[in-house]
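Accompanying notes for the structure given below.
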Number of protein chains: 2
Amino acid sequence: QIVHDVIAHFTPKVLAGKRILITAGPTFEAIDPVRGITNRSSGKMGYAIAQAAQEAGAQVTLISGPVALPTPRNVQRLDVQSAQQMLDAALTQSTTADIFIATAAVADWRPAQIAEHKIKKAEGESTPQLNFVENPDILASIARSTTAQSGRLYCVGFAAESDNLVEFASAKRKRKGIPLLVGNIGPNTFGQDDNILTIFDDSGHVELPRASKRELAKQLLQEIAKRLPKN
Amino acid sequence: QIVHDVIAHFTPKVLAGKRILITAGPTFEAIDPVRGITNRSSGKMGYAIAQAAQEAGAQVTLISGPVALPTPRNVQRLDVQSAQQMLDAALTQSTTADIFIATAAVADWRPAQIAEHKIKKAEGESTPQLNFVENPDILASIARSTTAQSGRLYCVGFAAESDNLVEFASAKRKRKGIPLLVGNIGPNTFGQDDNILTIFDDSGHVELPRASKRELAKQLLQEIAKRLPKN
């Protein structure tokens, strides 16, 4: 604790006075009262960014899916389960934010129906079939909002790919209409304490070499800070 | 730590010399390298039983799905993801066990195929459809094994229901062919630190009133100990 306070004291306050909204963790899309679809995101990257942003002087709100992580000090945390709940919270919170960083691994689809009772396994019966509907795109929704379009909200996305990172992440940045996108290889990072990040912007891409998520969070926030519109 | 040691010292060793095999947590059934189906089990009940069993003098092996819990002291822990992996580990370990307690919330079904690459969301394309195949029934498989059928292995099951607990749990105990089944209401307990258990055996059912999972674990082990075949 004391160590953290000392580190925080000597961290350059590159984000002093900024309000930062961060989404983190997986979403959980219910199938029935017991089961659901989720993904391997541990939330560690988003939580590391939230902590680093707070230490860099920002006022941080963290919208979190179900994770097993302690809330970073002096960070306001809102817990959600589904993509729809995360979108609702993000839309509300983003109107007063300067920077939005979407690290959450949001489910692209959710089951078309949520069963009210636990789906029972019955002897000899056929297995269930699951139909999906598309979830709202949180990052694209925020990026299209008046706050973002007016230049008051700087939007940063994350892409977790299993392969073809440069191709998929570049395309994703353009499709979402955001100035900065951070790519990483999902299966290499989920649950791990370190990672490699690749930052994509209008001028191309640059790699932040393998480091702890805590160190990468600081580097990423410096990259964001120097790209913020001057005003 | 010292407190735990003192508690352990004064705990009656009702399971001295017994080898106990416990499954705990959810399973994670992969859809692709990023996504999967899981459930709301936190693993807390199973971990509490593992710790209480160790304190009651047993030699404990814990087969665990993905959870965010520390391994109880002096407990051997084997980590698995899918139901098939959990079954494989349980079949191997059960041959030398005296008691098998299946607390894990095992997925009844898994996706029929695991996609090798992350399933992409493409503009305008239809949502995916997921077909399932039935998972092996771990508890029933162990209960049918030679070790259990010969009376050398005492099998205890868990049932998490969303409703109709007595009806569903009684039927489940008979279907699985086990002497003891512990029922609870899933949505009331998942992630919580306390619970209510209902114990079903040949003579009916009895409720262990709401208490911490740690306290319920001790009571349950006493119920098991007094039902063990004398030899």
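What's the number of the only condition in (1) under 20 Å from A:SER42 (Cβ atoms); (2) at pLDDT below 95; (3) not basic (Lys, Arg) that A:THR198 fails to meet?
(2)
Tell me yes or no: at least one residue of the range A:108-119 is part of a loop (DSSP other than H, G, I, E, B), of a type in the set (A, V, I, L, M) and at the interface with chain B (Cβ under 9 Å from one of its Cβ atoms).
There is at least one residue in the range A:108-119 that is part of a loop (DSSP other than H, G, I, E, B), of a type in the set (A, V, I, L, M) and at the interface with chain B (Cβ under 9 Å from one of its Cβ atoms).
Determine if the range A:213-227 includes at least one residue that is open to solvent by 50 Å² or more (accessible area, probe 1.4 Å) and closer than 30 Å to A:GLU29 by Cα.
Within the range A:213-227, one or more residues are open to solvent by 50 Å² or more (accessible area, probe 1.4 Å) and closer than 30 Å to A:GLU29 by Cα.
Any residue that is buried (at least 20 other Cβ atoms within 10 Å of the Cβ) and away from chain A (no Cβ under 14 Å) - is there at least one of those in the range B:168-175?
yes
Of all residues in the range A:32-48, which are more than 14 Å from B:THR27 (Cβ to Cβ), surrounded by fewer than 24 Cβ atoms within 10 Å (Cβ to Cβ) and at the interface with chain B (Cβ under 8 Å from one of its Cβ atoms)?
A:ASP32, A:PRO33 - these are the residues of the range A:32-48 that are more than 14 Å from B:THR27 (Cβ to Cβ), surrounded by fewer than 24 Cβ atoms within 10 Å (Cβ to Cβ) and at the interface with chain B (Cβ under 8 Å from one of its Cβ atoms).
Pull up the range A:78-107, narrow it to residues that are more than 18 Å from A:ILE224 (Cβ to Cβ) and within 14 Å of chain B (Cβ to nearest Cβ), then point me to the one that is most open to solvent (accessible area, probe 1.4 Å).
If we take residues in the range A:78-107 being more than 18 Å from A:ILE224 (Cβ to Cβ) and within 14 Å of chain B (Cβ to nearest Cβ), then A:ASP79 is most open to solvent (accessible area, probe 1.4 Å).
Residues that are at pLDDT 90 or above, within 14 Å of another protein chain (Cβ to nearest Cβ) and closer than 22 Å to B:ALA148 by Cα: does the range B:55-71 have at least one?
Yes, the range B:55-71 contains a residue that is at pLDDT 90 or above, within 14 Å of another protein chain (Cβ to nearest Cβ) and closer than 22 Å to B:ALA148 by Cα.
Specify the residue that is modelled with the highest pLDDT; the eligible residues are those in the range A:179-194 that are within 21 Å of A:VAL166 (Cα to Cα) and open to solvent by 10 Å² or more (accessible area, probe 1.4 Å).
Checking each candidate, the answer is A:PRO179.
Just the residues that are in contact with a helix residue (DSSP H, G or I) (Cβ under 9 Å, 6 or more places away or on another chain) and exposed (fewer than 13 other Cβ atoms within 10 Å of the Cβ), please, taken from the range B:122-166.
Across the range B:122-166, the qualifying residues are B:GLU123, B:GLN149.
The values are calculated or read from the model by the stated rules, or taken from the named source; none is laboratory data. Because the structure is predicted, anything quoted here is derived from the model rather than measured. So basically every Cβ, Gly included, is an ideal-geometry build from the backbone, and we count neighbours across all protein chains shown. Accessible surface is based on the protein model in full, side chains and every heavy atom, while ligands, DNA and RNA are left aside. Shrake-Rupley method; radii C 1.70, N 1.55, O 1.52, S 1.80 Å.
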